[in-house]
Amino acid sequence: MAEPTKHESMKLCPKKLGLFTAFRLMLVRDLTLAMRRRTDVFTTLFFFIIAVTLFPLGVGPEMELLRTMAPGVIWVAALLASMLSLSTLFASDYEDGTLEQMVIAPYPLSVLVLGKLFAHWILTGVPLALLSPLLGMQLGLSTDAIQVLVITLLLGTPVLSLIGSIGAALTLGVRGGGVLLSLLVLPLFVPVLIFGSGAVEAFSAGINIDGHLSLLGAFLIVSIVFAPLATSVALRISVE
Amino acid sequence: MANSRFWLYFSSPKTFYPFAGKLVPWCAGVAVVLTVIGLYLGLLVTPPDYRMGNSYRIIYIHVPAVWMSMLIYMVMAGWAAVGLIWNVKLAEMMAGALAPTGAMFTFIGLWTGALWGQPTWGTYWVWDARLTTYLLLLFLYMGFIALRSAIDDPRRASKASALLAIVGAINVPIIYFSVKWWNTLHQPFTVAPGQESKIDPTMLWTMLIMVFAFWAYAIAVALLRIRSEILEREKNASWVAELLDSSQDTSSEDNIAQEKSAQGDRA
Amino acid sequence: MLEARNLECTRGDHVLFNNLSFTLSAGELVHLRGSNGSGKTSLLRILCGLFMPTNGEVMWGKENINDLREEYYQEISYFGHLNAIKDELTGIENLKISSKLADIELSEQQALESLEKMGLYGREDLPTKFLSQGQKRRVALARLLFSEAKAWILDEPFTALDVAAVDLLQGLITKHLENGGMVILTTHQDVALTLGNKARQINLDS
């Protein structure tokens, strides 16, 4: 958690509720909402499956070719799926006025954002990672490589949610927001893509992947600290 | 303290507008003169490269364009940060005014790079770390420009794009190192751009002259853009009304010049 | 004490108001008037810190609200055009979440009782998408029952409410003022509260 917000909380929320309550409030709320409209979650997952399924149809069914492409294909599909779901991250809160109330809530906005993002990751990143073995088998990845794939997805998808939330906040209520969002955040996703799919490739080639995983972990830590702050600045700009 | 007052003085659009107007012709003049000298030296005076013959001469455009595009992104992010943190309107405008020029230089850099690559390594495009990062830089510029133009409210547009520029600038080095690592993991290319062995001193000078020419051009164009944006944003301010009124009287030469350049901005 | 100092607000190229100064002290009710587009909503949003004025500042006590941030947000309750309730959640869930967001923990029972007080008996457990416009508004207003904020900033709170609900809300506001709270509101409906001398008028048209 970001240090400055922690410090603020000591001064500002001395009464009953702490930072964790704020975090949990958004987390539980967003999970409850997602349970009430489950289709959103499934749409993202089906997009992921369909996108990956299209590749063998496009490049041909040679297993050898598909196996070399598999990590990249699955990772790119996960990237796109996660980005598509990001466009709705703040949209409904923005439209019904909840976002305004979040901005003027007596909690640091970045903590509320972090709660929302954790929910977003549970609803998109985790299912994507859990589904990926199926797609990995489809494309002929070995069992061990599939394990690595799941680990990289679990480490990498929260970074996608975190970085993507900045773009989602900036494009709130902007015409053509969804397409614009992809233009803004896809270039920023590149490092995660490189090390995520790179780890699986390297593993298949018999190279040690500790470096890849530590870098993904480092991206995760850095983005947990900075992305919610940037997102809350962006949200304040967008609700004006 | 005098220093801070100096900056405060120029951070007001009202004082900056005529100041920029005076600078523009100078920068434009310098840009034209230096470009002519640079192209003359580059195309006619400097010797052909012993390995690449005459095709290398495109670097007099390519290298300065690449330098400028990267530098402009950093400068843009710097102004964006100043604008966002201290709420200086002019700094935000500066960031916005630099973006199209930066994107153009990036595009020129990619284009000339491809043209240079064909005779040098026999292909227009290689997935080299630098080229790939550079392509991503173009995407970052495009994102900035697209976001800025998609938001109708100018205040929100400049703040939102400023934040994006800062986030992008933090990411550029991360992207570069990731791409570099990715590149070494896959087959490394034997001829990387930039390893041009010996450089003749005249070549270096020519290149520097072209860099300064591009600098002057970038400043001139950015100032022109800022001037038109100031007019647009401050069109209800009394000083703009006075300016436009007095330029219609055609009483003062200074104002005629200002109006002309204002028209030039819109063209 | 909430104080506006020399506020200026522009939207697009349009100056909505400038040099606007006023104070709002404990127990005071201010009725903000003005024609459509005169900047009432913008002013209220400026007071909340949601919108930056082109010039001027808003002070809470002796400090600028932009420096206080979360500390200030604890002192205000803003009620905007939008209800800030979720269609998929029930009235009780909505109320509990919106109160919690204002740092107030409600029990199931408290939420239930307050919704009943707002005249939503029997509908507390329905997802709010099945409620009418006025009923949704009541769900949203229910959080004022527990509000511990000193300043209420209400933007057209009487819209879409029936006579009974209008009276209820007026009662709430009166009680809040008696307890030393302060209220600034806009309304285009004439209600007893804003007629007579109880409310100080600020007119943005003049």
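Remarks
- You will find that of A:LEU54, A:LEU84, the residue that is under 15 Å from the mean Cα position of the chain (by Cα), away from chain C (no Cβ under 13 Å) and either at negative phi or at pLDDT below 95 (or both) is A:LEU84 and no other.
- Some residue of segment A:14-24 being modelled with pLDDT of 90 or more, out of contact with any His (no Cβ under 8 Å at 6 or more places or on another chain) and β-branched (Val, Ile, Thr): no
- Just one of the numbered conditions (1) in contact (Cβ under 8 Å) with a residue 40 or more places away in the chain; (2) part of a helix (DSSP H, G or I); (3) out of contact with any helix residue (DSSP H, G or I) (no Cβ under 8 Å at 6 or more places or on another chain) is not true of B:ILE85: (1).
- Residue list for segment C:31-59, restricted to those being of a type outside the set (A, V, I, L, M), away from chain A (no Cβ under 13 Å) and without any contact (Cβ under 8 Å) to a residue 60 or more places away in the chain: C:ASN36, C:GLY37, C:ASN55, C:GLY56, C:GLU57
Condition check ((1) at pLDDT 95 or above; (2) polar (S, T, N, Q)) across all residues:
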{"position": "A:GLY115", "(1), (2)": "yes, no"}
{"position": "A:GLN138", "(1), (2)": "no, yes"}
{"position": "A:LEU153", "(1), (2)": "yes, no"}
{"position": "A:LEU162", "(1), (2)": "yes, no"}
{"position": "A:LEU180", "(1), (2)": "no, no"}
{"position": "A:LEU183", "(1), (2)": "no, no"}
{"position": "A:LEU186", "(1), (2)": "no, no"}
{"position": "A:VAL200", "(1), (2)": "no, no"}
{"position": "A:GLY211", "(1), (2)": "no, no"}
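- A:MET69 vs. criteria of a type in the set (A, V, I, L, M), assigned to a helix (DSSP H, G or I) and buried (at least 22 other Cβ atoms within 10 Å of the Cβ): no
- The selection criterion, being among the hydrophobic types (A, V, I, L, M, F, W, C), modelled with pLDDT of 85 or more, surrounded by 17 or more Cβ atoms within 10 Å (Cβ to Cβ) and not in a loop (DSSP other than H, G, I, E, B), does not hold for B:ALA262.
- Note on segment B:33-74: among residues that are of a type in the set (Ser, Thr, Tyr) and in a loop (DSSP other than H, G, I, E, B), the one that is modelled with the lowest pLDDT is B:TYR50.
- Given (1) buried (at least 21 other Cβ atoms within 10 Å of the Cβ); (2) at pLDDT below 90, number of the condition B:ALA114 does not satisfy: (1)
- In the condition set (1) in the same structural domain as C:LEU177 (by TED's automatic domain parsing); (2) surrounded by fewer than 21 Cβ atoms within 10 Å (Cβ to Cβ); (3) under 17 Å from the mean Cα position of the chain (by Cα), C:LEU82 is compliant with all but (1).
- Evaluated against (1) closer than 24 Å to B:LEU71 by Cα; (2) at pLDDT below 80; (3) assigned to a helix (DSSP H, G or I), B:GLU196 falls short on exactly one condition, (3).
- Residue in segment C:40-62 that is among the aliphatic types (A, V, I, L, M), more than 16 Å from C:LEU154 (Cα to Cα) and modelled with pLDDT of 90 or more present: yes
- Pick from segment C:60-70, criterion among the charged types (D, E, K, R) and outside any loop (DSSP other than H, G, I, E, B), ranking: nearest to the other protein chains (Cβ to nearest Cβ): C:GLU70
- Selection within segment A:88-109 - more than 18 Å from A:THR171 (Cβ to Cβ) and not in a helix (DSSP H, G or I): A:GLY97, A:ILE104, A:ALA105, A:PRO106, A:TYR107, A:PRO108
- Restricting segment B:112-156 to residues that are assigned to a helix (DSSP H, G or I) and without any contact (Cβ under 8 Å) to a residue 12 or more places away in the chain, the residue that is farthest from A:LEU186 (Cα to Cα): B:GLN118
- Taking segment A:190-225 as the range and being within 10 Å of chain B (Cβ to nearest Cβ) and within 15 Å of the chain's Cα centre (by Cα) as the test, the residues that pass are A:VAL190, A:PRO191, A:VAL192, A:LEU193, A:PHE219, A:VAL222.
- Filtering segment C:176-194 to residues that are exposed (fewer than 11 other Cβ atoms within 10 Å of the Cβ) and farther than 28 Å from C:CYS9 by Cα leaves C:GLU178, C:ASN179.
- The set of residues in segment B:137-178 that are more than 7 Å from chain A (Cβ to nearest Cβ) and of a type in the set (A, V, I, L, M, F, W, C) comprises B:LEU137, B:LEU138, B:PHE144, B:ILE145, B:ALA157, B:ALA162, B:ALA165, B:ILE166, B:ALA169, B:ILE170, B:VAL172, B:PHE177.
- Qualifying residues in segment C:1-30 (those that are free of Cβ contacts under 8 Å to residues at least 12 places away in the same chain and not in a strand (DSSP E or B)) - the one farthest from the other protein chains (Cβ to nearest Cβ): C:GLY12
- The residue of segment A:228-238 that is surrounded by the most Cβ atoms within 10 Å (Cβ to Cβ), among those that are facing another protein chain (nearest Cβ under 9 Å) and among the hydrophobic types (A, V, I, L, M, F, W, C), is A:ALA234.
- Test: C:HIS14 is modelled with pLDDT under 90, outside the structural domain of C:THR187 (by TED's automatic domain parsing) and not hydrophobic (A, V, I, L, M, F, W, C): no
- Filter pass, A:ARG29 being modelled with pLDDT of 90 or more, part of a helix (DSSP H, G or I) and crowded, with 18+ Cβ neighbours inside 10 Å: yes
- Restricting attention to segment A:166-209, the residues being among the aromatic types (Phe, Trp, Tyr) and under 20 Å from A:ALA227 (Cα atoms) number 2.
- Only one of the numbered conditions (1) modelled with pLDDT of 90 or more; (2) touching a strand residue (DSSP E or B) at 6+ places or on another chain (Cβ under 7 Å); (3) not assigned by TED's automatic domain parsing to the domain that holds C:MET59 is violated by C:ILE153, and that is (3).
The values are calculated or read from the model by the stated rules, or taken from the named source; none is laboratory data. No experiment lies behind these values; they were computed from the predicted model shown. Heads up, the Cβs are rebuilt from the backbone with ideal geometry, glycines too, and the neighbour counts pull from every protein chain shown.
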